[in-house]
Each structure stands twice: as structure tokens, then as C-alpha cells.
Amino acid sequence: MTGTPEVFDRRQVRRQRDRAAPRFAAHDFLVREVAERLTERLEEVTRRFPCALELGGRDGALSRTLHGANGRRGGIERLVRCDLSEAMLRRATAEPGPSVVADAEALPFQTGSFDLVLSLLDLHWANDLPGALIQVRRALRPDGMFLGALLGGETLNELRAVLLTAEAEVSGGASPRVAPKVDLRDAGALLQRAGFALPMVDADTITVTYPDALALMRDLRGMGEGNAVVGRLHRFTRRMVLLRAAALYAERHCDATARGRDGQAQLHRHVEVEQDQNRREETHDTEHVVDALLLQRPSDDGCT
């Protein structure tokens, strides 16, 4: 980390996950959906993985997906969960395999410890993403594989724009409100820079409907994905800023005709994710786009 600009407050990331842990199950729809998509990608690989590491283990969502009702999926024999938040990992105690409280920017594992490393919506908070990927590569055995998903560059653009405009109008200035994300065009270069062979990168767009900006903010807090930028405002946001942002969001993005069936989130490729009850009871939904980058380093001999 020496000489690397500190864009994100990793202590704040941990605190947010700690606070979100007790009610995380009410807001985990995106984690569950991405866990399923990662597992589907993994099932395309025709090999087994005796020992795997998961970055961003949270409450064990990926482990539950891998050990589904239809039996073990993905060829993983032993999964080690790793997360910044001990409070999150304590909620995964019913899942098989050990849990380790550790920072993805300082992995405590020996070189060549794992056959597979999975990252579930975790590395977008890394200050030194190339350095974190280098550590992942070192933790892998020579024929190992890395498969990860992180929030991409178009995520939360709608919310970012209305918050910046509202704060500028009300306060005469603006502070960082939404964390910067990795652009798809840069992701492959980052993998190559970290020393991965044959990097593959693509993007899935998941569109989630919300009744208003405040509902989206509540969900972000419930996910533990609030603002952790070092330069963020270190005091409560003025009420007038939030109200103006909500009004701008409704004006620019609300569409009463866009409501999904039963108020569920509408996902790209017609995949639906069940939302919590308070969202289903609202009458006007807006669309919020999550751009998930899938970073994959295939094994040398395992792709179908």
C-alpha cells in the first residue's frame, strides 16, 4: 500500500458491514443474484478445486449457493471465507468451511495456498486494485483460477448525479457521494498487470426498480454499501439536500409505467430477484442499473 492513494476508508467499509450484518438478509438480493451467476460460470469449468478462497464472504451467501438443494456445485471441495467484517462472518457459522477475518488488500495466506479464488462484490473497495489482484495471483497454485465480480463503472450513476446537483444547489458545493468504480475497458488491463494469463472480462447489467431515491439509499445502507470514500462529508447530510435529491431523482428517473410484476426487481435477461415487502407496496418505481464486471482468469486446462 506504500505510495498508493487512499481513496476508500477501509475501516469505514468494515463498520458499514458490521452495522448491516443483523438485517443483511433483508437486503442481500444482489449478493444472492451475483453468487448464482458466479456459480453458473464456475460450472462451465470441467475440473475440481480441492481448496478455494472467497473474498467478500459476508454471511455465506456464496457457500449456500454452492451447496444448494440439488447438491454441491462448482467442483469445490473446501471453501475458506474471507471478509473484513467479523459480524458478517459470524452469521455464516452454519455454512461449511472456515471463516477468516482479513483484508483483501493484505491477504494472510501463503503463496500457492488455493486452487481457486472467488471474489463476490468485494474488490471495488480496494485502494490498490492491481496490488490486491497480485496478492490473489500469489495465493493461487500455478494452475489456479480466479473468478470475481465487482461493481462496474456505470453503477449508481443516477444517484451520483442527483446528489451532486442537489448539494450544489442547496449548499453551494459538492462532496464525493458515490465511490468511483472500475471501467470495463480497464479491467482486462488490470488483470494483465497483475500477471494473470488469458484474462477474460465481460459485463452483466442488472436493472433494479426502486420507488424513490430514499428507498435506494436505505437498501445501500442495508447492504453495507454506503459511502466509504475518504473525502466524504463527515457529518450528517442536510435534510434539504436529501429532499432535493429525491425530487430530482423522481423527476429524471421515475416512470410509473416501468413497474415490474409484483414489484420485483427486473434484471437483464429477464431474471427476477425477489425484493423485500416495503418495496412491493410502493406505487412508483425507478430503474437503477448495477453494472457488474466479471473478471475471470481461466485455468490452463479446464474450460469447456
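Summary of computed values
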quantity: Unique match (being touching a helix residue (DSSP H, G or I) at 6+ places or on another chain (Cβ under 8 Å) and of a type outside the set (Asp, Glu)) among Ala25, Ala102, Ala52, Ala92; calculated: Ala92
quantity: Within the range 137-158, considering residues that are among the hydrophobic types (A, V, I, L, M, F, W, C) and within 17 Å of the chain's Cα centre (by Cα), the one surrounded by the fewest Cβ atoms within 10 Å (Cβ to Cβ); calculated: Leu156
quantity: Answer residue from the range 183-220, given it is out of contact with any helix residue (DSSP H, G or I) (no Cβ under 7 Å at 6 or more places or on another chain) and basic (Lys, Arg) and is farthest from Asp143 (Cα to Cα) among those; calculated: Arg218
quantity: Residue in the range 5-17 that is modelled with the highest pLDDT, counting only those that are surrounded by fewer than 16 Cβ atoms within 10 Å (Cβ to Cβ) and among the charged types (D, E, K, R); calculated: Arg11
quantity: Members of the range 40-55 that are within 17 Å of the chain's Cα centre (by Cα) and buried (at least 21 other Cβ atoms within 10 Å of the Cβ); calculated: Leu53, Glu54, Leu55
quantity: Filter result for Gly153 (under 24 Å from Ala26 (Cβ atoms) and in contact (Cβ under 8 Å) with a residue 24 or more places away in the chain); calculated: no
quantity: Sole residue being more than 16 Å from the chain's Cα centre (by Cα) and touching a residue at least 24 places away in the same chain (Cβ under 8 Å), chosen from Arg64, Arg37, Arg58, Arg17; calculated: Arg64
quantity: Leading residue by the ranking (surrounded by the most Cβ atoms within 10 Å (Cβ to Cβ)) among those in the range 67-80 that are in contact (Cβ under 8 Å) with a residue 24 or more places away in the chain and assigned to a loop (DSSP other than H, G, I, E, B); calculated: Gly74
quantity: Criterion: over 26 Å from Pro180 (Cα atoms) and surrounded by 19 or more Cβ atoms within 10 Å (Cβ to Cβ) - qualifying residue of Ala166, Ala92; calculated: Ala92
quantity: Among residues of the range 33-54, those that are more than 13 Å from Gly68 (Cβ to Cβ) and of a type in the set (S, T, N, Q), counted; calculated: 1
quantity: Considering residues of the range 127-168 that are closer than 21 Å to Arg41 by Cβ and part of a loop (DSSP other than H, G, I, E, B) only, the residue modelled with the highest pLDDT; calculated: Thr155
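Residue-wise test of (1) part of a loop (DSSP other than H, G, I, E, B); (2) within 20 Å of the chain's Cα centre (by Cα); (3) modelled with pLDDT under 95.
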residue: Cys82; (1), (2), (3): no, yes, no
residue: Ala92; (1), (2), (3): yes, yes, yes
residue: Pro96; (1), (2), (3): yes, no, yes
residue: Ala104; (1), (2), (3): yes, yes, yes
residue: Phe109; (1), (2), (3): yes, no, no
residue: Asp115; (1), (2), (3): no, no, no
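The values are calculated or read from the model by the stated rules, or taken from the named source; none is laboratory data. Quantities reported herein were computed from a predicted structural model and do not represent experimental measurements. No Cβ is skipped: glycine too gets one built from the backbone with ideal geometry, and neighbour counts run over all protein chains shown.
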